[in-house]
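Some notes on the structure that comes next.
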Amino acid sequence: MEIVYDEDGLRRYVETAASVSPDRPILIDKFLEDAIEAEADALSDGATTFVPAVMEHIELAGIHSGDSACVIPPATLTGKHIRAIEELTARIARELKVSGVINIQYAIAKDTVYVLEANPRASRTVPLVSKVCAVSMARIATELMLGRPLASFGLAARRAPHFGVKEAVLPFNMFPDVDPVLGPEMRSTGEVLGMAPSFGLAYFKAEEAAQPALPLKGTVLLSVTDADKKAIAAVGRQFQALGFRILATAGTCDYLQKQGVLCEKILKMHEGRPNIGDAVTNGEIHLIINTPAGKQSQHDDSYIRKAAIKYRIPYITTSAAARAAVQGIGEHRKGRAGVKSLQEYHRDLG
């Protein structure tokens, strides 16, 4: 799969696609630009449906759901959108006469909720929802499939006083020559869960579990596309407030400085020395934020992301994840990251 932005990109894709024929056609979907992705796992007996929680993806639509981090409860979704997702989930489960569990993925763009796909089966997020919401979804779904009515379980929506963040575990450290940029094809080989009283702390814990952990101090490298510069300026200001040294490539640095963010310009590999490669090799960079766009940018900047893998430097390839990271670092530095058992989290649900 590939996201194509123009006719030239489509021609290039068709020319390189393998075995295109009437029996193996190219399928084209409309891509929703800058859409927030969300999903819901629900239990249904064919007539009645219960949605324990709606999950919000941290990365925007376009990243495979298996590679995207997600948070329960949603961090930015409005109550109107959450209610719409719950209502659509119940209607779809009823129309499909689902007995058991169903997973439905959504996208929210320009105040409209779109249904992406409905899968009448358990998904990889069922364990996440079960742990965060204290609902044994696999056991209940099995009994629903055997004919027990949903009402007999006495399930009721409960507001969680904590957050759970799922993060994907990616295998790129085993494949150092592969560009670790995320896209519509799934690459993760596992996942972890971080739970905490706040979204930022939960995200920090999830990153710590997935490895490498986010740094609490040091130097951050920012190198982003034009489309991400506005969002990354706010991130840069937050890193500056936390006392991080900020390095940025030419275009990003110029933009940040105009926005009042203190940063130092660093050269790309082809621009001379000392450059990004030298700084990474010398251990001078502790976090890399690099957002690619289009095949040419991915090729030009792939050495940055590959260097991050080689030297075990945490790296981020989306502006949404960058916002979550700086929020998590800030909250973790306040010292509110105590250990708590899953049973204690469940008792807090009441």
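Values computed for the structure shown
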read-out: 25 °C / 0.890 mPa s Stokes-Einstein diffusion coefficient of the stretch 212-330, Kirkwood radius on C-alpha pairs, µm²/s; value: 176 µm²/s
read-out: Prolate/oblate/rounded label for the chain (Cα gyration tensor, a/c 1.5); value: oblate
read-out: Extension gain (nm, one decimal) between Leu27 and Glu264, 0.36 nm per residue minus Cα-Cα; value: 80.8 nm
read-out: Distance from the stretch 184-234 to the stretch 56-100 (C-alpha centre basis), Å; value: 21 Å
read-out: Local net charge near Gly236, Cβ-Cβ under 14 Å (Lys/Arg +1, Asp/Glu -1); value: +4
read-out: Considering only the chain, percent of DSSP beta bridges that pair antiparallel, nearest 5; value: 75 percent
read-out: Using a Förster distance of 51 Å, the FRET efficiency for Asp278-Glu15 (Cβ separation, nearest 0.05); value: 0.85
read-out: Theoretical gain in end-to-end length, Asn119 to Leu155 [0.36 nm per residue, Cα-Cα removed]; value: 10.7 nm
read-out: Förster radius 51 Å - calculated FRET efficiency between Lys334 and Glu95, Cβ distance, rounded to 0.05; value: 0.60
read-out: Residues Ser341 and Ile3, FRET efficiency given R0 of 35 Å [Cβ-Cβ distance, rounded to 0.05]; value: 0.25
read-out: Restraint check, Lys110/Lys268; Lys80/Lys217; Lys30/Lys230; Lys110/Lys205, Cα-Cα greater than 30 Å; value: Lys110/Lys268; Lys80/Lys217; Lys110/Lys205
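Just so you know, all these numbers are worked out from the coordinates, no wet-lab data involved. A quick note: this is a predicted structure, and the numbers were derived from the prediction, not measured. Positions of Cβ are backbone-derived with ideal geometry, glycine not excepted, and every protein chain shown enters the neighbour counts.
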